[in-house]
Amino acid sequence: MDIPRGTYGFRFAEDKELQLCVLFAAGSDCITTPDYHWDGMERSDGPLLLFQYTLSGEGIYESGNRTHRVTAGQAFLAEIPGPHRYYYHPDSSEPWEFLFLLFRPDLILPHWRKFLREAGEVPYLPPDSAPVRLLRMIVNDAAAGRISDPLIASSCIYQFMTELSRLQAATLRNRDNWPENVRRAAEFIEHNYSRMISIDQLSEHVSLSKYHLIRSFSASTGLTPGAYLTRVRTEKAMELLRGTPLSVETIAGQVGYSSGSYFIKAFRSLTGVTPGDFRSGGESLAYRRLFFD
């Protein structure tokens, strides 16, 4: 897909009745000279969030006391105003080609900062990943005049942030990215969920201290070992509730709970319904299955 060069700005009238994401600008550029230089503390058009994705060539992104080379497939995330600079690599032998979005932080700043914490300020995104495909589409739509009202613009920004979040969540869930100790801990939970599993037992099994296990497991999976165990037990319990006539008390024992009351409390905390209501439908929707992230 050929991407038209240029910057496309948006200044739609604000609708006081609606809370919308605000697209400020979108575009594509190809830099060949060292004249290209932006300082986040000198700009007066903030507050803004900048997402800039390199297609080819190389740039430099400085943030605080950190300096990053930004090459093909890498993006950088910057808050404007902020203590950062970005510019064309002075020793580069090829043009720096990139796509970018600028938008107001309203409504999406929590999503932005969560992604930033988890992925870093200069993450790698595969060229065929959903956020990059969407970024290309937004820039092309901007050039073609198809972003013609604030609702379309808001949808573009919210969808883009959602795809960024989904990509990061998928990365966390991908076991290939988990450390070996974390994979072993998850497998131990999945194979032994029906009996009591203490954090001491789990840490001994994977040869990590409790502190390092909890920290590493949480960073890799997005859940503590205890929450992961509850998730596994709940999913197994749902299968038994829908697929067998076993009593709630019996199912509680089979999935590892010492009492039916504790099982009911844990099940309801995660699903929002009791095991009995899940089985019968009760007064709510008759779920065949509940999906967790």
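The values are calculated or read from the model by the stated rules, or taken from the named source; none is laboratory data. Because the structure is a prediction, the values reported are computed rather than measured. Here the Cβ positions follow ideal geometry from the backbone for every residue, glycine too, while neighbour counts run over all protein chains shown.
Is it the case that Gly46 is assigned to a strand (DSSP E or B), touching a strand residue (DSSP E or B) at 6+ places or on another chain (Cβ under 9 Å) and within 28 Å of Asp106 (Cα to Cα)? For Gly46, the condition - assigned to a strand (DSSP E or B), touching a strand residue (DSSP E or B) at 6+ places or on another chain (Cβ under 9 Å) and within 28 Å of Asp106 (Cα to Cα) - is not met. Taken over the stretch 31-43, the criterion of being closer than 13 Å to Glu97 by Cβ and not in a loop (DSSP other than H, G, I, E, B) is satisfied by Ile31 alone. For the stretch 49-73, residues that are within 20 Å of Leu125 (Cα to Cα) and not in a strand (DSSP E or B) total 3.
So is Leu99 among the hydrophobic types (A, V, I, L, M, F, W, C), at pLDDT 95 or above and under 18 Å from Pro131 (Cβ atoms) or not? Yes; evaluated as a whole, the condition is true for this residue.
Out of curiosity, is Tyr53 under 18 Å from Ile138 (Cβ atoms) and aromatic (Phe, Trp, Tyr)? Here the answer is yes, as Tyr53 does meet what is asked.
The set of residues from the stretch 174-189 being loosely packed, with under 14 Cβ neighbours inside 10 Å and either in a helix (DSSP H, G or I) or touching a residue at least 24 places away in the same chain (Cβ under 8 Å) (or both) comprises Arg175, Asp176, Asn177, Glu180, Glu187. Taken together, the residues in the stretch 204-221 that are touching a residue at least 12 places away in the same chain (Cβ under 8 Å) and part of a helix (DSSP H, G or I) amount to 8. The single condition from (1) touching a Pro at 6+ places or on another chain (Cβ under 7 Å); (2) surrounded by fewer than 17 Cβ atoms within 10 Å (Cβ to Cβ); (3) under 17 Å from Leu23 (Cβ atoms) that Arg104 fails is (2).
Within the stretch 1-30, being outside any loop (DSSP other than H, G, I, E, B) and surrounded by fewer than 18 Cβ atoms within 10 Å (Cβ to Cβ) holds for Gly6, Thr7, Gly9, Ala25, Asp29, Cys30.
Among the residues in the stretch 201-212, are any touching a helix residue (DSSP H, G or I) at 6+ places or on another chain (Cβ under 8 Å), among the basic types (Lys, Arg) and either buried (at least 17 other Cβ atoms within 10 Å of the Cβ) or not assigned by TED's automatic domain parsing to the domain that holds Arg268 (or both)? No: zero hits.
Taking the conditions exactly as written (of a type in the set (Gly, Ala, Ser), in contact (Cβ under 8 Å) with a residue 40 or more places away in the chain and outside any helix (DSSP H, G or I)), does Ser194 satisfy them or not? Yes. From the list Gly40, Gly57, the one residue that fits, being on the phi > 0 side of the Ramachandran plot and buried (at least 19 other Cβ atoms within 10 Å of the Cβ), is Gly57.
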